[in-house]
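Enquirer: Below is the structure I would like to discuss, written out as structure tokens.
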Amino acid sequence: MEERRIKVIRASVVTMKVDAIVNAANNRLLGGGGVDGAIHKAAGPELLKECRVLHGCETGDAKITGAYKIKNAKYIIHTVGPIYSATKQDAKLLASCYEKSLNLALENNCKSIAFPGISTGVYGYPLKEAAKISYNTVNNWLKQHEGIKMEVYFCCFRQEELEAYQRVIIKEKI
Ligand code: AR6
């Protein structure tokens, strides 16, 4: 039943009408390229101001801020994925990003959250593996939080991302 609370769509996470959008940030939390750059650009300079006082974020952890000029969301959850190194640690850290982000969303009374593919850009995480880990982590989290309302969107920016998630979901249903 959890799959009904998960939606995979092709969209920029910046445009999502949800309580929290997730940012694929770096340890410094001071902006960057990719989805991080797009979020900071859309949210405006006030976001950077708030990020400065957070004093960074550990890999696998998450921190929350306001969404400022991004009016379609209430919060931005900044999480730092692992730089892919082909070690067992990668999967643990990536799963932790999704879990910690969901925990933060729940603590802040969010009922919907939209994720980009953490670590699947500059940080080089192979799409197929990342889709599997993120989907399973979210699915397990939802199972553990059955009574609460939380809509989860996987926002795929590129067609390949969408296809990677669709493959994971099809296999899940077999
Ligand atoms: N909405 C959704 N997904 C997006 C968007 C968007 N607007 N833009 C890109 N993507 P990346 P990372 C996808 O590189 O790998 C930054 O410089 C993109 O297609 O943004 O976690 C940070 O500051 C890819 O699949 O994040 C860090 O230094 C996925 O988002 C570093 O990059 C993630 O790509 C983090 O690297």
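Where a number appears in this text, it was derived from the coordinates with a stated rule and is not lab data. This structure is a prediction, so every number in the text was calculated from the model and none was measured.
Enquirer: Based solely on its DSSP helices, what 222 nm [θ] is calculated for the chain when runs of n ≥ 4 H residues each add -39,500 (n - 2.57) and the sum is averaged over all residues, nearest 500 deg cm²/dmol? Mind dumping the intermediate values first?
Expert: Numbers: 5 runs with 71 residues, N = 174.
Calculated mean residue ellipticity at 222 nm is -13000 deg cm²/dmol.
Enquirer: Taking a ≥ b ≥ c as the square roots of the Cα gyration tensor eigenvalues, with a/c under 1.5 meaning rounded and otherwise prolate when a/b beats b/c, else oblate, which class fits the range 1-64?
Expert: It comes out prolate by the Cα gyration axes.
Enquirer: Restricting to Cα pairs below 8 Å that are 6+ residues apart, what does the relative contact order work out to for the chain? Please round to a whole percent. Walk me through the numbers before you get to the answer.
Expert: Values: 335 pairs, mean separation 51.5, N = 174.
It comes to 30 percent, rounded to a whole number.
Enquirer: Run through all the Cα pairs of the range 54-174 and give the fraction in each 5 Å bin from 0, expressed as whole percent.
Expert: 2, 11, 21, 23, 22, 14, 6, 1, 0
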